[in-house]
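Asks: Here it is, the structure in full.
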Amino acid sequence: MPRPRLTGLGAGLLSTAAMVVAGGVAWLLPAGAQTVAFGVLFLPVCALTGLWVRPADLAMGPVVVPLAYAIGVLPVAEGGGAGFTGQVMGLVTTLALNAGWLYGGTLVAGVIVTVRKVRLMSAARRKARSVPRRPGAEQAAPRTDHEAGPSGRRAPRSRVAP
């Protein structure tokens with residue numbers, strides 16, 4: 001499987017494009033199967049988004065997939081009437097009736113990015129532990145002759161009157 005590393009914006013654009021295509025494919029199906037097919041196609045898009053977002057943008061994975069779902073579901077939105085308000089009502093109705101698919105896909109992306117983040121943190125911790133320490137690194141550096149007096153302590157500064 002390819003290992004692309006997408007920015008948060010790239011992951012959002014890829015998942016949105018995939019969900020628009022999925023909406024078009026689901027639109028070709030009979031009316032009863034459209035939303036189920038769209039939801040089933042949403043789950044792998046969420047998994048791929050969680051896997052392909054780069055480590056610096058892991059938090060964006062679960063954020064962009066619900067937005068992609070909302071944009072991609074427009075072709076299969078149920079019950080919309082004529083005009084803009086009818087389309088908005090159809091979209092809201094579809095989102096409300098299919099919230100399980102939306103929450104499930106967001107959960108898939110969230111679990112994947114959480115596991116990836118935990119693995120990155122544990123790898124960083126292992127790497128920090130494996131760095132060899134120099135002996136005596138905790139001790140302070142010795143002072144030079146111009147900083148320390150004959151007893152090894154720093155000589156007081158002389159005050160010059162203005």
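The values are calculated or read from the model by the stated rules, or taken from the named source; none is laboratory data. Since the model is a prediction, treat every value here as computed from it, not as a measurement. Here the Cβ is made from the backbone with ideal geometry for all residues, glycine too, and neighbour counts use every protein chain on show. In case anyone asks, the SASA skips ligands and DNA or RNA and just uses the protein heavy atoms, side chains included. Shrake-Rupley method; radii C 1.70, N 1.55, O 1.52, S 1.80 Å.
Asks: Six or more apart or on different chains, Cβ under 9 Å: which pairs go from a residue in the range 112-133 that's open to solvent by less than 80 Å² (accessible area, probe 1.4 Å) to one that's part of a helix (DSSP H, G or I) and hydroxyl-bearing (Ser, Thr, Tyr)? Could you list them?
Replies: Cβ pairs passing all conditions: Ile112/Thr49; Val113/Thr49.
Asks: Right, here's the next one. In the range 103-144, how many are within 29 Å of Val63 (Cβ to Cβ) and either modelled with pLDDT under 85 or in contact with a Phe, Trp or Tyr (Cβ under 6 Å, 6 or more places away or on another chain) (or both)?
Replies: The qualifying residues number 1.
Asks: For the range 1-57, which residues satisfy the criterion of being part of a loop (DSSP other than H, G, I, E, B) and within 15 Å of the chain's Cα centre (by Cα)?
Replies: Those that are part of a loop (DSSP other than H, G, I, E, B) and within 15 Å of the chain's Cα centre (by Cα): Pro4, Arg5, Thr7, Arg54.
Asks: Among the residues of the range 8-42, count how many are in contact with a Lys or Arg (Cβ under 9 Å, 6 or more places away or on another chain) and buried (at least 19 other Cβ atoms within 10 Å of the Cβ).
Replies: Residues that pass the stated criteria total 1.
Asks: If I ask for residues that are among the aliphatic types (A, V, I, L, M) and crowded, with 18+ Cβ neighbours inside 10 Å, which ones from the range 64-81 would you list?
Replies: Val64, Val65, Ala68, Val73, Val76, Ala77
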